[in-house]
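The values are calculated or read from the model by the stated rules, or taken from the named source; none is laboratory data. These figures come from a predicted structure and were not determined experimentally. Methodologically, a virtual Cβ is constructed for each residue, glycine included, from the backbone with ideal geometry; neighbour enumeration extends over all protein chains shown.
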Amino acid sequence: MLFPLTVRDFLDRAVTVYPDRIAVVDEPDQPAESWGEITYAEMGRRAKAQAAALDVMGVPVGGRVAIVSQNSARMLTSFFGVSGWGRVLVPVNFRLAVAEIRYIIEHSGAEVMMVDPDLRHLVDEVECKRTFVLGEDDNTIWGGTGEPQPWEGDENATATINYTSGTTARPKGVQLTHRNNWLNATVFGWQASVSDRDVYLHTLPMFHANGWGHPFAATGMGATHVVIRQIDGGEILRRVEKHGVTYMCAAPAVVAAALDAAKTWDGEIPGRDRVRIIVAGAPPPTRTIERVRDELGWEFIQIYGLTETSPLLTMSRMRAEWDDLDPHQQAVNLGRAGAPAIGVRMMIDDMGEVLAQSNHNLASYWDNPEATAEAQAGNWFHTGDGGTFEDGYITIADRKKDVIITGGENVSSIEVEDALMSHPSVKEVAVIGIPDEKWGELITALVVLDTDEDPVDQAGLIAHCREHLAGYKCPKRIEFREELARTATGKLQKFKLREEFWKGHDRQVN
Ligand code: AMP
């Protein structure tokens, strides 16, 4: 007999085995009324109520339900209330500009949109069949007592669509099935030793690759979720202390924030010898790894993957063979992206690109067969990252795709170039990432102005970008040039433009 793997399995187990345990400690400081602490029995009840409410609204199995929100218990519950009964959750990056959110809602065909009260303006600015404000409309979404229509489950059905900025001007919708999410959560959970003694702090945005799968992984093991709405190093340390946090996932910028806060922390660092922190998004410097281990006393784990791979591809974690190495060498080893996770096959092609085969790889890009075919050519997923594969470990060394990763989020250079080019005074532009201590990579625009038009300065151009793009996608630095290096055929030579900024770096990603 074959039972479909669906994300509801995680919630069902928690409700059956740990009904009275605290499932989630909601963010206390948020515009909607906090849910405070709710048990797994209650989370299960609310997820059911949400599914039943979607029945009443007539949202069919396979219908898309979008949520645009900072991390919250409501969002966490929606992973089950929506996807658990066959609908598709579309978690949208709440930092995006209105035009970008409008595009995602329209492109995904979402018939329901739930927004955080801080984003209430979206109710008027983004068209959707039904829009709800979290908190205010709780009665409609979570208030019912009826049973939802049963869903027999289909592991190949789409569970979530996450929009990600890639090499195109428009974001692409990564369609992950129940099977993708299930196997990512269990393999990740196993290799990261997730257990029922864990308390998981949501330092990752839940919209980003479904909080990397931990809404599922932690729930399945009956771990307690602790929601944090806004990232602040000191607050991370305080929550670790207050709730007995044992693990979290983070982009390197968040790690840097925690390290900064630790410098002025009074007394023993919370979670010493208890917390494990799982880092991805960019290769962390060896020094940062050493500092996490020395100054925080937390276990450092690195993973590598993409939204398209649910995301787990590789993991780098201390192993017995390294026990006798000196701490510096251990940190060097941990600085590699990692060894393929169970069920993941990897190779480097002739061009140096990292390719992957796994059961976490996306089903397809939503409504984009060309991009899907291109990404999966030859039955391998093309990561767009350049690297090496030695001694069983992948190291990411550069990026083949024109993507900048800043503060852990992907930004398509083309998207930023488009926004700048729409300014009448801009004649030519190249957007590149340059190494930066705080952001990993700093979005930098090299601009040639049209001298026949009105002059514009850096502040003017950044303000112009802000009208079209999310704030984090706007260039932080603009340099004006007389001309930009091009090939004989007129193609921009970005590698040449990057050279002066990346001199002395052994890797071309930061
Ligand atoms: P996203 O789909 O937004 O999660 O971004 C995925 C991209 O982040 C990958 O294609 C890599 O370029 C980068 N990335 C993720 N993890 C790592 C890592 N451990 N080291 C280097 N780059 C990484």
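Annotations
- When residues in the range 430-455 are screened for being touching a Pro at 6+ places or on another chain (Cβ under 7 Å), under 30 Å from Ile231 (Cα atoms) and surrounded by fewer than 17 Cβ atoms within 10 Å (Cβ to Cβ), 0 of them pass.
- Total residues in the range 274-287, condition outside any strand (DSSP E or B) and within 12 Å of the ligand (Cβ to nearest atom): 6
- Residue count for the range 382-419 under the criterion of being in contact with a helix residue (DSSP H, G or I) (Cβ under 7 Å, 6 or more places away or on another chain) and more than 9 Å from the ligand (Cβ to nearest atom): the result is 9.
- Members of the range 90-113 that are assigned to a strand (DSSP E or B) and surrounded by fewer than 24 Cβ atoms within 10 Å (Cβ to Cβ): Val112
- Residues of the range 331-346 satisfying the condition of being away from the ligand (no atom under 14 Å from the Cβ) and among the basic types (Lys, Arg): Arg345
- Unmet requirement for Thr140, which otherwise passes all of (1) touching a Gly at 6+ places or on another chain (Cβ under 7 Å); (2) in a helix (DSSP H, G or I): (1)
Here's the yes/no breakdown for (1) in contact (Cβ under 8 Å) with a residue 24 or more places away in the chain; (2) aliphatic (A, V, I, L, M); (3) within 24 Å of Ala97 (Cβ to Cβ):
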position: His423; (1), (2), (3): yes, no, yes
position: Lys438; (1), (2), (3): yes, no, yes
position: Ile443; (1), (2), (3): yes, yes, yes
position: Leu446; (1), (2), (3): yes, yes, yes
position: Glu453; (1), (2), (3): yes, no, no
position: Ala463; (1), (2), (3): no, yes, yes
position: Ala485; (1), (2), (3): no, yes, no
position: Gln493; (1), (2), (3): no, no, no
position: His505; (1), (2), (3): yes, no, no
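- Restricted to strands (runs of 3 or more DSSP E) entirely inside the range 164-268, those with at least 3 residues that are out of contact with any Gly (no Cβ under 8 Å at 6 or more places or on another chain) and more than 16 Å from the ligand (Cβ to nearest atom) are 224-227.
- Residue satisfying all of: in the range 157-200; at pLDDT below 95 and not basic (Lys, Arg); nearest to Lys473 (Cα to Cα) among these: Ser165
- Restricting attention to the range 466-496, the residues that are of a type in the set (A, V, I, L, M, F, W, C) and in contact with a Ser or Thr (Cβ under 9 Å, 6 or more places away or on another chain) total 1.
- For the range 288-330, taking the residues that are farther than 23 Å from Met346 by Cα, in contact (Cβ under 8 Å) with a residue 40 or more places away in the chain and surrounded by fewer than 23 Cβ atoms within 10 Å (Cβ to Cβ), the one that is nearest to the ligand (Cβ to nearest atom) is identified as Glu290.
- For the range 365-375, the set of residues classified as buried (at least 19 other Cβ atoms within 10 Å of the Cβ) and outside any helix (DSSP H, G or I) consists of Tyr365, Trp366, listed by residue number.
- Contact annotation: residue pairs with Cβ atoms under 7 Å, 6 or more positions apart or on different chains, pairing a residue in the range 33-62 that is β-branched (Val, Ile, Thr) with a partner that is part of a strand (DSSP E or B), are Ile38/Ala23; Ile38/Val24; Thr39/Ile22; Thr39/Ala23; Val59/Val65; Val59/Val112.
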